[in-house]
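The block underneath contains the structure these notes are about, expressed in structure tokens.
The values are calculated or read from the model by the stated rules, or taken from the named source; none is laboratory data. Source: prediction; values computed, not measured. In this analysis, Cβ positions are derived from the backbone assuming ideal geometry, glycine residues included, and neighbour counts consider all displayed protein chains. When the accessible area is computed, the model is the full protein with side chains, heavy atoms only, and any ligands, DNA or RNA have been set aside. Shrake-Rupley method; radii C 1.70, N 1.55, O 1.52, S 1.80 Å.
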Amino acid sequence: MGMYEPHTKEISRRNLLRGSALTALGFAAAGIAGYTIANMDDDGSPTANGDVPGQSVGPEPEGEVTTARSAELPPLGVSPLDLTYRIQDVTVDIAAGVKYNAWAYDGLLPGPALHVKQGDQVNFTLVNDSATGHSIDFHSARTPWDKNYITIVPGDSLSFGWKAEFPGVFMYHCGTPPVLHHIGNGMYGAAVVDPDPPLAPAKEYVLVQSEFYAKEGANGTWDADVDKMLAVRPDLLAFNGTAFQYRDVPLTAEVGEKVRIYVMNAGPTLFSAFHVIGAIFDVVYVDGNPRNPLYGVSTYTVAPGQGCTFELTVPEAGLYPFVTHSFAYTGLGALGVLAVGGATGAAEH
Ligand code: CU
Ligand code: CU
């Protein structure tokens, strides 16, 4: 499926950022070496990430992301859709050079983006190939928690069906206690349910925002740090699982093209203040339901566990960074770029 295929573009991040607005805003990392996601300010006061007294030292990106995960909305499935997710223990890159030991649906962090339409039937099977017990909870479904969202042990499986009754942008996640740990360790994904009738054609992207809390693990890898999760001291934030990946390999659109971004905030704890610098959303559909429109929005809150649909049209070529406007966290990795009309930064200045 398209969602899983990595895409690599021959865009040098330094060329992209040279002289661009990103540098002026301090996002650029002036080469990542020049702009560290500093663990301490010069005066020793703590910053948003983890290096405070009594807490473990966290990871920092090393270099650039060269291959970003595709953010394109995968094509619609058939109905009824037979869908199986296998839970796996995997090591994934949550930033350039940062290998993290995650629990993940189908080995992906975030899990596969699901795309169905209102009225579709999903016949779902969960298989636990992990070493610990897990479960799944689809926010897009109406189904009993005590029957279908139960924890299954390693080697076990669980099947149930659900109907996509409401259109929207929905989270799915593991609900096994402690849920903070299971979501914080990568067990989430987005489900986009198209409305009936469908929205107008657009360039469509899915972004899952989440935060990471890490302590040193074996062989240079990183493990979940539940103490930092409880203290809400993230080391990194990301769109689609890897910090800064769309700064280094931007998303693209054409001048005047309708762009629709499905944003799901997996948390586990932080709110997203989703904003595109230099743009205004023509419309935001709260929870992704077109019956909940808000017009002319600059920044909109996506709560942990929520998804929203953002539509914008950009009238002039250039670079348009997308961020969480919660600036203690932006510099930890919740920053990407929408390059419009072939803009690369270097060519623009
Ligand atoms: Cu789990
Ligand atoms: Cu939930």
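Overall, the accessible surface of the range 201-269 at a probe of 1.4 angstrom is composed of carbon and sulfur to the extent of 46 percent. Whole-Hz Karplus values for the range 59-74 come out as x, 10, x, 10, x, 10, 7, 9, 10, 9, 6, 4, 9, 5, 5, x Hz, taken residue by residue from phi with 6.51 cos²θ - 1.76 cosθ + 1.60 and θ = phi - 60°; glycine and proline positions read x. Listed values for the range 75-88 are Karplus-derived 3J(HN,Hα) couplings in whole Hz (6.51 cos²θ - 1.76 cosθ + 1.60, θ = phi - 60°), namely x, 4, x, 7, 10, x, 9, 8, 10, 10, 10, 9, 7, 9, and x replaces Gly and Pro.
Over the range 81-199, give the accessible area per residue in Å² for a 1.4 Å probe, as an integer.
It amounts to 37 Å² per residue over the range 81-199.
In straight-distance terms, cross-link reach from Lys147 covers every one of the lysines whose alpha-carbon lies under 21 Å from its own, apart from those fewer than eight places away in the same chain; here that gives Lys163. Listed by chain and number, the lysines whose alpha-carbon sits under 22 Å from that of Lys228, ignoring those within fewer than 8 places in the same chain, are Lys99, Lys215. Extending 7 Å from Cα along the Cβ direction at Glu257 and again at Thr221 yields two label points whose distance is 3.7 nm.
Roughly speaking, to the nearest percent, how much of the range 81-199's 1.4 Å accessible area is carbon and sulfur? Answer for the range 81-199 is 54 percent, counting heavy atoms of protein chains only.
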